Amino acid sequence: MGKRLMIMMVIALMATLLLTGSLAGADSHIPDPQIPESAALTLTPEYEENVVGEVHTVVATYTIQGVPQVGKAILFEIISGPNADGVLHTVLTDEMGQAVFSYVGDGGPCIDTIRAGTAECLKAYAQKKWVEVIAPPPPPPPPVVPGVTTWGLLGAAIMLGLLIPFAIRRGMLASASR
């Protein structure tokens, strides 16, 4: 009875691990016997920083024993961050074994995690940091320079200040000489 109980406990533990995703799940890798160990999937750039609203592009490269895999489906998904949309984007590899995925980072500032995967359970990850552009402060206003009107008023005041005493003296002299 002890042996049966132990086996049942192991089976229950395995089932729990499978159901909770701890043993197999979205991010685990159970080797596929059809895929050689030398299969590789890379995603570049692994990390980049851009301004919110710009376009970000990642390139997945799929090779087996160093040979580019042509016409293979690469599934791209933004799995977390401000631009995560839950949508799988499928792109086929070209003659270089590369698949290109681009998107606009309009979800706001934060970090996106992008996953690229193959049908054979190969996965690669990249991160994209989105930052806000902080506008520089406006330039200070230009210094106030007296305009034509100000200079004209100033000149007129100076002229009147100089001419009035002469006019008064001249008028006084004219009335005194009579």
> Which aspartates and glutamates does Lys128 reach when only Cα atoms under 12 Å apart count, and residues fewer than 8 places away in its own chain are ignored?
Replying inline: Glu46, Glu48, Glu49, Glu54, Asp112
> Sorted by average packing, counted as other Cβ atoms within 10 angstrom per residue and highest first, what order do 86-98, 49-61 take?
Replying inline: 49-61, 86-98
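If I take R0 = 25 Å and measure r between the Cβ atoms of Glu95 and Ala119 in this structure, what FRET efficiency does the formula 1/(1 + (r/R0)^6) give, to the nearest 0.05?
Numbers: r = 20 Å, r/R0 = 0.78.
After rounding to 0.05, the efficiency reads 0.80.
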> Which aspartates and glutamates does Lys72 reach when only Cα atoms under 15 Å apart count, and residues fewer than 8 places away in its own chain are ignored?
Replying inline: Asp94, Glu95, Glu120
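All of the numbers you see were taken from the coordinates with simple rules; none came from a lab. Bear in mind that the values here come from a model prediction, so they are computed numbers and not experimental data. Neighbour counts run over all protein chains shown; Cβ positions are idealised from the backbone, glycine included.
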